[in-house]
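Undergrad: Okay, here's the structure, questions in a sec.
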Amino acid sequence: MKTPISVKETAYNADQAALDFPPGAEDGYWYLARNNHLYNQLKKNGLDESPILEVGCGSGIVVEFLRKQGLDCKGCDLSDQAAKKSPYLFLSTDANDMEESYRKKVKTLLLLDVIEHIEEPVPFLKKLQTSFPNLEYFVIAVPARKELWSNYDVFFGHFRRYDMKMLRQEMKEIGAKVLVMHYFFKLLYLPGWLTVKLLGKRNLQVGAPQSSFSKALNRIPAAMIRFSDWILPRQWWGSSLLTIVRINKQKG
């Protein structure tokens, strides 16, 4: 068996963080669409009232958005890439090493585009289950569909792009019950596939609009993505995959 990758090796380096979390990225269509999709799923499944921790929060884009919606959300990250400090972000911090009193409060862990960076995610997830004794849910988002594999995945240190079968198997191995699993960013699948097939590579820079006009323009594709994710069948392929699972607590 391969030696599991060190958790600390999954932290973004400065070059990766600069491309993935540029100032203003929160106003780009990708983060706008994902943040709204995530919030709707948390609210729909009754996870909007329990203490939430985002593991691998990066610059804190998701944490800031969810807190604006009234959710009790904090974040931690192995690196220190946030442009501004926040009392709700624990940077240069391994989730497993956070204060025990806080770990006992957390009911939901968010892992958004995290486990694809880990060679063997099952031991990683099991360790989180042990470190957070009252954990009830994992909410996991991952890049999807191996046919979309590109220079982007290589640059950002991905080990895989997921499909439903692969993600279900990992959830089975950690003993969790799948409550929700579906593709999203369905509108981006075909453009992504064509880009890989025709150009052989994709842009590494995440869009970060700066002007009020460009911010307003980004709301249009974000709304189109959200609408397509709502209207198209759940099994329809998308460039990302989301699951919500309930932790099976062993009695003994």
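The values are calculated or read from the model by the stated rules, or taken from the named source; none is laboratory data. Note that the coordinates shown come from a computational prediction; the quantities given were computed from them, not determined experimentally. Using ideal geometry, Cβ is built from the backbone for each residue, glycine included, and neighbour counts are taken over all protein chains shown.
Undergrad: Every residue in the range 147-173 that is surrounded by fewer than 16 Cβ atoms within 10 Å (Cβ to Cβ), in contact with a helix residue (DSSP H, G or I) (Cβ under 8 Å, 6 or more places away or on another chain) and modelled with pLDDT of 95 or more, please.
TA: GLU147, TRP149, PHE159, GLU173 - these are the residues of the range 147-173 that are surrounded by fewer than 16 Cβ atoms within 10 Å (Cβ to Cβ), in contact with a helix residue (DSSP H, G or I) (Cβ under 8 Å, 6 or more places away or on another chain) and modelled with pLDDT of 95 or more.
Undergrad: Shifting gears a bit: Tell me whether the range 149-170 contains one or more residues that are in a loop (DSSP other than H, G, I, E, B), more than 25 Å from LEU128 (Cβ to Cβ) and either of a type in the set (Ser, Thr, Tyr) or touching a residue at least 24 places away in the same chain (Cβ under 8 Å) (or both).
TA: yes
Undergrad: If you take the residues of the range 51-81 that are free of Cβ contacts under 8 Å to residues at least 24 places away in the same chain and out of contact with any helix residue (DSSP H, G or I) (no Cβ under 8 Å at 6 or more places or on another chain), which of them is surrounded by the fewest Cβ atoms within 10 Å (Cβ to Cβ)?
TA: GLY70
Undergrad: Continuing with this model, one more query. Regarding PRO233, is this residue crowded, with 17+ Cβ neighbours inside 10 Å, over 25 Å from VAL106 (Cα atoms) and modelled with pLDDT under 95?
TA: no
Undergrad: Examine the range 176-199 for a residue that is touching a residue at least 60 places away in the same chain (Cβ under 8 Å), charged (D, E, K, R) and surrounded by fewer than 14 Cβ atoms within 10 Å (Cβ to Cβ), and state whether such a residue exists.
TA: So far as the range 176-199 goes, yes, one or more of its residues are touching a residue at least 60 places away in the same chain (Cβ under 8 Å), charged (D, E, K, R) and surrounded by fewer than 14 Cβ atoms within 10 Å (Cβ to Cβ).
Undergrad: Something else: Out of PRO133, PRO209, PRO143, report the one residue that is closer than 23 Å to SER239 by Cβ and out of contact with any strand residue (DSSP E or B) (no Cβ under 8 Å at 6 or more places or on another chain).
TA: That would be PRO209, the only listed residue that is closer than 23 Å to SER239 by Cβ and out of contact with any strand residue (DSSP E or B) (no Cβ under 8 Å at 6 or more places or on another chain).
Undergrad: Exactly one condition in (1) surrounded by fewer than 18 Cβ atoms within 10 Å (Cβ to Cβ); (2) modelled with pLDDT of 95 or more; (3) in a loop (DSSP other than H, G, I, E, B) is false for GLN205; which is it?
TA: GLN205 satisfies every listed condition except (2).
Undergrad: With respect to ARG145, determine if the residue is in contact with a His (Cβ under 6 Å, 6 or more places away or on another chain) and charged (D, E, K, R).
TA: Criteria not met by ARG145.
Undergrad: Shifting gears a bit: With respect to SER240, is the statement that it is in contact with a Pro (Cβ under 8 Å, 6 or more places away or on another chain) and in contact (Cβ under 8 Å) with a residue 24 or more places away in the chain true?
TA: So SER240 passes the test.
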